[in-house]
Amino acid sequence: MAAPSSWPAPPKPTPPLRLNTFLHKRVIGVPASLTTTAPLSGTPTARFAPTRLAVTRARGASNLLPLVAAVLVALPVFLQAPWVRLAPFSAALFTLPLLMSALVLESRPDQRLRDAGALLAGFSGSWLGGCLFWGWCRLHPLWHLPIEAFALPLALAGLRGRWRLAASFYLASLLGTACTDAVMAITGVMGSWTTVLQAPLEQAPALLQQAAQGVLEPLPLLVTGLTGSGLTLLCRRFWHHPDPAWRLAASAVATTLAVDGLFLAAALWAPQLSGLI
């Protein structure tokens with residue numbers, strides 16, 4: 001039997017409420033297409049799972065890279081220094097497997113592995129520069145920065161390409177080296193560099209401790225404190241930058257400051273444990 005014409009028409013289904021494109025891009029920070037796809041399962045919140053998972057992975061990767069960068073800055077103090085002293089040629093050759101591993105990782109489709117490869121490439125440049133100086137030119141402190149900066153043109157060119165993270169790590173490490181050498185030159189520590197390295201093993205700790213005590217004089221201590229404070233403020237500014245390359249640089253510079261502080265403390269209280277001797 002046909003329905004009477006007076007009966008009301010059935011209500012049309014109400015479309016799901018969705019934020020417009022402006023709110024997605026300006027407030028939430030993701031394209032609308034990421035949150036308006038069809039549900040993956042019967043639950044209304046299932047369509048949000050890919051976006052949340054992607055955000056979680058991105059945050060995890062961005063937080064892990066600065067930690068890895070800090071480890072790579074501190075690693076030469078404990079591994080490279082004794083290796084270069086015993087076998088500088090093999091330590092320098094180790095750059096090849098480092099660089100090959102970086103290229104392999106950077107070619108992987110996973111973005112996290114690609115970032116790790118780029119970071120390893122920047123580290124390989126710092127590793128080779130350290131091996132060249134400490135292996136063959138360690139008695140010439142004025143050559144330290146020029147030798148460490150051998151890959152500077154490549155790093156500057158890589159800031160706008162796929163090797164941005166590598167360039168950021170290398171340049172930040174170079175900045176830390178430059179500031180350390182400048183403070184050593186201003187405070188007079190660099191003048192004792194060659195004397196300490198050429199001294200007999202039984203005399204070197206006392207000479208190093210004497211050179212480190214000169215940093216505690218008022219003017220050298222002021223220069224050291226101002227430099228450290230300036231670099232700390234610079235690291236804080238880098239850290240809050242949205243670009244992960246800047247956070248990577250902040251981690252590298254901050255770790256360099258920490259390593260320098262440990263080196264100064266060792267030279268004052270336990271100079272025989274210092275990596276310089």
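The values are calculated or read from the model by the stated rules, or taken from the named source; none is laboratory data. Since the structure is predicted, the reported quantities are computational estimates derived from the model, not experimental observations. So basically every Cβ, Gly included, is an ideal-geometry build from the backbone, and we count neighbours across all protein chains shown.
Between 246, 269, the distinction of being free of Cβ contacts under 8 Å to residues at least 40 places away in the same chain, at negative phi and of a type in the set (Phe, Trp, Tyr) belongs to 269 only. Can you find even one residue in region 133-145 that is more than 30 Å from residue 192 (Cα to Cα) and touching a residue at least 40 places away in the same chain (Cβ under 8 Å)? Scanning region 133-145 turns up no residue that is more than 30 Å from residue 192 (Cα to Cα) and touching a residue at least 40 places away in the same chain (Cβ under 8 Å).
Considering region 130-244, the qualifying helices (runs of 4 or more DSSP H), each wholly inside and each with 3 or more residues that are within 18 Å of residue 258 (Cβ to Cβ) and modelled with pLDDT of 95 or more, run over 164-187, 218-239.
Residue check: residue 110 meets all listed conditions (1) of a type in the set (Asp, Glu); (2) surrounded by fewer than 19 Cβ atoms within 10 Å (Cβ to Cβ); (3) within 15 Å of the chain's Cα centre (by Cα) but one, namely (3).
So if I check each of 128, 93, 86, 119, which one is of a type outside the set (Asp, Glu) and in contact (Cβ under 8 Å) with a residue 60 or more places away in the chain? Don't jump to the end; show me each part of the working.
Values: 128 fails: in contact (Cβ under 8 Å) with a residue 60 or more places away in the chain; 93 fails: in contact (Cβ under 8 Å) with a residue 60 or more places away in the chain; 86 fails: in contact (Cβ under 8 Å) with a residue 60 or more places away in the chain.
Unique residue meeting the criteria: 119.
Number of residues in region 132-165 that are within 23 Å of residue 104 (Cβ to Cβ) and in contact with a Phe, Trp or Tyr (Cβ under 8 Å, 6 or more places away or on another chain) equals 2.
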